[in-house]
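First the structure, in the form of structure tokens, and then the observations on it.
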Amino acid sequence: MSFDLNSLLRPHIVNLQPYTSARDEYTGKEGVFLDANENPYGSITDQDFNRYPDPYQSELKEKIAAIKDVKPSQIFLGNGSDEAIDLLFRAFCNPGVDNVILLPPTYGMYEVSASINDVAVKKVPLTTDFQLQTDLIFEAINDKTKIIFVCSPNNPSGNKVKRSDVLLLLKHFKGLVVVDEAYIDFNDEPSFTNHLKDFPNLLVMQTFSKAWGLASLRIGMAFASEQLIKILNRIKPPYNISGLTQDTVLAAIDKQEKVESMIQKILDERDFLEKHLLEIDAVQKIHPSQANFLLVKVPAANQVYEQLIENKIIVRNRAKVQLCENCLRISVGTRDENKAFIKALKAILD
Ligand SMILES: Cc1ncc(COP(=O)(O)O)c(C=O)c1O
């Protein structure tokens, strides 16, 4: 398979002249800075935020590179993974012309981003056990197909997809294969970043929103070839990651042990939830999960969802989603939260 990034890009992006910020033009740290129309007196807050942050987050990327075993130049940081998803559409998909392939049931933002960018979506459903139908995916590909989005572990089903199926797509599809690993930390398989050296058409997404507990900071990662990361950097808004976020994540990376212990707690709590759900006869199915949530089939899910809300327990109603009929998606909570959920569910279903 030959892969030519430039021929995949929208033509005007190949020739785009990116914005150069003050911090691009002068990268030194010392001096009298009168170049960015900042407030010289500091900030109205106790902590100073008056200076623009590093537009390329160099220090943070050095640290992330070390823990993810990639080069800093292979990392893009976005305002959540959602920003990376949107930028991919803007870079590669000509509105009203190109299409992408989605594998439902899956994360909803791929389709929303496609709609915002006026890009057609071809849907190839997963199997009933939420695996890829590679034959149908290859049938759906045409010369306007730019991206295939694979989510593993998948949201909302929670399972990981077969590695060999994703490798098959990477080998034979000459567009981009995005592997969204938002839930990778709850799963024992290695990341697809291991395959970056073999596949120039691979982009792997991860996020600090889940295992790291930093959802409110909005920071997501994309890993790909240097060439592809350069494109995302050229089209992103200049200062897309705030200074506060960069500093906070820099400090957080030194606490990796704490992350490991939180992951272990979440896995233990997932087992706790599963064990107690199994005790409820009316629960029809608990889908095996490698993520921090469980997809659970119950009778009359819409009604159960409303009754849980009456008990102030809020889960995600996936009952209308293809292949998830009568399913609720339950994020793993603390022991007290999980107990409260089980107690309420028992009272509703028994
Ligand atoms: C599969 C998947 N990808 C990406 C995201 C969004 O991540 P972020 O918070 O980094 O935008 C989510 C959030 O739920 C998700 O489920």
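None of the figures in this text is laboratory data; all of them are computed from the coordinates on show. Since we're looking at a predicted model, the values are computed, not measured. Methodologically, a virtual Cβ is constructed for each residue, glycine included, from the backbone with ideal geometry; neighbour enumeration extends over all protein chains shown.
What is the helix-to-structure angle for 256-278, meaning the angle in degrees between its Cα long axis and the longest Cα principal axis of the chain, kept from 0 to 90 and rounded to the nearest 10? On a 0 to 90 degree scale, this one is about 20.
Counting only Cβ charges, +1 for Lys and Arg and -1 for Asp and Glu, the dipole size of the stretch 1-131 around its Cα centre is about 420 debye.
Every helix of 4 or more DSSP H residues in the chain counts as -39500 (n - 2.57), and over all residues that averages to -11000 deg cm²/dmol at 222 nm.
Nearest 10 degrees is fine. How inclined is helix 301-310 to the longest principal axis of the chain, computing both from alpha carbons? Rounded to the nearest ten degrees, it is 80.
Among 110-119, 153-162, sorting by the average number of other beta carbon atoms lying within 10 angstrom of each residue, highest first, gives 153-162, 110-119. The alpha carbon centroids of the stretch 170-193 and the stretch 31-77 are separated by 28 Å. Straight distance only, please: which aspartates and glutamates reach the Cα of K160 with their own Cα at less than 14 Å, same-chain residues fewer than 8 apart left out? Output for K160: D129, D180, E181, D185, D188, E189.
Calculate I(q)/I(0) for the stretch 160-315 by the Debye formula, one identical point scatterer on each C-alpha and no solvent, and give its log10 at q = 0.14 Å⁻¹ to two decimals. One equal scatterer on each Cα of the stretch 160-315 leads to -0.94. Partners of K61 within straight-line reach, counting lysines whose Cα lies under 26 Å from its Cα and excluding those fewer than 8 residues away in the same chain: K29, K71, K197, K210, K230, K236, K255, K258. So if I take the centroid of the Cα atoms in the stretch 195-240 and the same for the stretch 303-319, what is the distance between those two points in Å? The distance from the Cα centre of the stretch 195-240 to that of the stretch 303-319 comes to 34 Å. Taking a ≥ b ≥ c as the square roots of the Cα gyration tensor eigenvalues, with a/c under 1.5 meaning rounded and otherwise prolate when a/b beats b/c, else oblate, which class fits the chain? Cα axes put the chain in the oblate bin. Counting only alpha carbon atoms, the long axis of helix 243-253 and the longest principal axis of the chain meet at about 60°. Listed as lacking a disulfide-compatible partner in the chain: C93, C151, by the criterion of no other cysteine Cβ under 4.7 Å. When the charge dipole of the stretch 15-158 is built from unit charges on Cβ atoms (+1 for Lys and Arg, -1 for Asp and Glu) and taken about the Cα centre, the candidate among V100, N79, Y56 whose Cα reaches farthest toward its positive end is V100. Over all other residues within a Cβ to Cβ distance under 12 Å of A36, the charged ones net out to -2, with Lys and Arg as +1 and Asp and Glu as -1. Counting only Cβ charges, +1 for Lys and Arg and -1 for Asp and Glu, the dipole size of the chain around its Cα centre is about 600 debye. Return a whole-number percent for the relative contact order of the stretch 118-213, with Cα pairs under 8 Å and 6 or more residues apart as the contact set. Contact order relative to length: 24 percent.
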